[in-house]
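The values are calculated or read from the model by the stated rules, or taken from the named source; none is laboratory data. Because the structure is predicted, anything quoted here is derived from the model rather than measured. Cβ coordinates were reconstructed from backbone atoms using ideal geometry, including for glycine residues, and neighbour counts include every protein chain displayed. What goes into the accessible areas is simple: the full protein's heavy atoms, side chains included, and nothing from ligands, DNA or RNA. Shrake-Rupley method; radii C 1.70, N 1.55, O 1.52, S 1.80 Å.
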Amino acid sequence: MSFFDALRMAEEAGLDLVEIAPNSAPPVCKLLDYGKFKFLEQKKSAEARKRQKTVEVKEIKLRPGIDDNDYGVKLKAMQRFFEEGDKVKVTLRFRGREMAHQDLGYKLMIRVKGDTTEIAKVESEPQLEGRQMIMILSPR
């Protein structure tokens, strides 16, 4: 139908001619109340935003001389974060003379990486930034 015929029909019905799919050939238009159409579109986008999950980055702080039980507690916390769909930033802090034994910290990071392989993937490998080593893991 031609544009002018459609526009005339819309005016007779007391409605608006709204272009729905402008990129199709020929463009698709509907006769409807434009105010109501805008309201419904706004409602749909608000509903979509409400259902959307934002990914947070949770931080787990470790030390090079961490005990096995403490390590287990931190690992459980990481698993819980991954189940919630969040990323985890593992921070290993060196204090004082611990900087001389960075290899111990690197081994601990490799241990974390190995223990979380089934539930997480490494987003950034362990790297030293000043006095702390950082690794970022994201859920699979």
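Brief remarks on what is shown
- Pair list, Cβ < 9 Å and 6+ apart or interchain, from the range 72-86 residues that are of a type outside the set (A, V, I, L, M, F, W, C) to residues that are part of a helix (DSSP H, G or I) and open to solvent by less than 20 Å² (accessible area, probe 1.4 Å): LYS74/VAL112
- Filter result (closer than 11 Å to ALA10 by Cα and open to solvent by less than 100 Å² (accessible area, probe 1.4 Å)) within the range 30-45: LEU31, LEU32, ASP33
- Tally, over the range 97-110, of residues that are without any contact (Cβ under 8 Å) to a residue 24 or more places away in the chain and either closer than 17 Å to ALA77 by Cβ or touching a Leu at 6+ places or on another chain (Cβ under 8 Å) (or both): 0
- Condition check for ALA13: farther than 30 Å from LEU128 by Cα, touching a residue at least 12 places away in the same chain (Cβ under 8 Å) and open to solvent by less than 70 Å² (accessible area, probe 1.4 Å): yes
- Residue match in the range 99-110 (condition: open to solvent by less than 60 Å² (accessible area, probe 1.4 Å), part of a helix (DSSP H, G or I) and farther than 19 Å from ASP70 by Cα): yes
- Being in contact (Cβ under 8 Å) with a residue 12 or more places away in the chain, surrounded by 10 or more Cβ atoms within 10 Å (Cβ to Cβ) and either touching a strand residue (DSSP E or B) at 6+ places or on another chain (Cβ under 8 Å) or among the hydroxyl-bearing types (Ser, Thr, Tyr) (or both) is a property that ALA21 lacks.
- Selected residue (criterion: least open to solvent (accessible area, probe 1.4 Å)) from residues of the range 62-81 that are assigned to a helix (DSSP H, G or I) and of a type in the set (Asp, Glu): ASP70
- Qualifying residue in the range 89-96 (condition: open to solvent by 80 Å² or more (accessible area, probe 1.4 Å) and either in contact with a helix residue (DSSP H, G or I) (Cβ under 8 Å, 6 or more places away or on another chain) or free of Cβ contacts under 8 Å to residues at least 12 places away in the same chain (or both)): no
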